[in-house]
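A quick write-up on the structure given underneath.
Nothing in this text is a laboratory measurement; each read-out follows from the coordinates by a stated rule. This is a predicted model, so every value here is computed, not measured. Cβ atoms come from the backbone with ideal geometry, glycine included; neighbour counts cover every protein chain shown.
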Amino acid sequence: MSSRPFVIVPALCAIAVAYNQPKLIADQVLPRVPVDTESFRYLKYSLEDAFQMPDDLVGRKSAPNQIDWGSSELTASVQDHGLDTPVPNSDVMAFQMALAANPNSVSQTDPLGRATRLVTQTVQNRREYRAANLVFNANSYGANNKTTLAGVSQWSDFVNSDPLVAIMGYLDSMVVRPNVGVLGRATATKLRMHPKICKAVYGNNTDAGVAPLQAIADILELDEILVGDGWVNTAAPGQAAVLGRCWGKHAAFMVRNKEADTKGGVSFGFTAQWGDKVAGTLEDGDVGLRGGTRVRSGESVVELITANDLGYFVQNAVA
């Protein structure tokens with residue numbers, strides 16, 4: 001057996017790093033932060049001490065009172081996330097023969113490259129699902145920074161609900177005003193079509209239409225609103241697909257600081273990443289008649305909430 005059964009292939013690593021599935025938002029919601037080791041320390045913030053009112057009067061010969069930012073240093077570890085897919089040697093041989101016969105052909109697809117893209121996409125889907133489950137989770141927020149809507153208060157009720165008033169109230173209640181909104185696709189659609197939102201965007205005489213997301217963000221004084229479009233199949237392997245949106249019918253508003261890392265900077269959360277994405281091959285004699293190659297792609301990351309009070313969660317924002 002080879003001493004290096006898993007061979008990292010630079011060309012496949014380049015595919016894994018460059019491949020970005022469209023309409024996934026995990027990297028924008030919880031930005032990636034590099035860490036030097038698999039196990040690392042990071043700061044988790046509590047805002048109570050940030051707004052304390054200690055005596056700041058200093059005597060002529062005395063030392064000033066001392067305060068400290070409300071944070072604690074915690075330990076976390078990245079987790080390895082990766083998948084394999086088999087590629088028969090016959091596929092690779094057929095590709096090499098076709099390429100040798102016509103080197104300038106652009107119709108030939110490298111089966112190893114195609115497999116790398118497939119596995120990378122699936123790993124990205126799984127990351128999107130993890131991020132959504134963390135961000136759209138009431139346990140990720142402070143006790144006063146979450147609400148659950150039902151019935152006439154849900155933004156899908158165009159007659160009785162007033163999402164603009166509600167959201168402004170959520171944002172004003174926070175000690176630091178959010179700069180980013182995160183919506184599931186169903187939430188975004190209902191919010192954009194809500195008559196009160198349309199009136200706010202287009203004028204008091206217009207209560208129908210579809211408001212642009214950036215216009216809504218501007219009204220709410222947010223830098224941007226991100227919409228989660230990712231799908232997840234919850235069916236067991238081999239069963240008919242049962243598709244659902246990763247981000248559900250919820251909404252969240254948060255402080256995102258792209259400069260924050262494990263050593264400083266306050267942000268609702270981020271993703272710690274150790275090393276680059278990797279991709280490579282393993283020989284597998286059990287693939288097909290002529291053996292084959294297993295293509296592996298993955299990364300070492302962990303998603304973290306670092307300041308629970310810097311986000312607000314609206315559960316079941318629409319029906």
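Miscellaneous remarks
- DSSP finds beta bridges in the chain, and of those with both partners inside it, around 80 percent are antiparallel.
- When Glu38, Glu73 are sorted by how many other C-beta atoms sit within 10 angstrom of their C-beta, beginning with the fewest, the order is Glu73, Glu38.
- Equivalent-ellipsoid semi-axes for the chain (Cα gyration tensor, √(5λ), whole Å, largest first): 44, 30, 16.
- Ordering 307-315, 25-33, 84-92 by mean Cβ neighbour count within 10 Å, with the highest value first, yields 307-315, 25-33, 84-92.
- Summed over qualifying helices (DSSP H, 4 residues or more, each -39500 (n - 2.57)) and divided by its residue number, the chain shows a 222 nm mean residue ellipticity of -8000 deg cm²/dmol.
- Environment charge of Val152, counting only residues whose C-beta is closer than 15 Å and scoring Lys/Arg +1, Asp/Glu -1: 0
- For the stretch 219-293, alpha-carbon Rg and Dmax in angstrom: 20.7, 63
- All-pairs alpha carbon distance profile, the stretch 92-143, 10 Å steps from 0, percent: 22, 25, 18, 15, 11, 7, 1
- Taking 19 Å as the straight-line reach from the Cα of Lys190, the lysines in range (excluding those fewer than 8 positions away in the same chain) are Lys23, Lys199, Lys249.
- For the stretch 174-261, alpha-carbon Rg relative to the globular expectation (2.2 N^0.38 Å, N residues): 1.35
- The spread of Cα positions in the stretch 161-214, taken along each principal axis and listed from longest to shortest, comes to 35, 24, 20 Å.
- Kirkwood Rh and Cα Rg combined as Rg over Rh, evaluated for the stretch 95-176: 1.38
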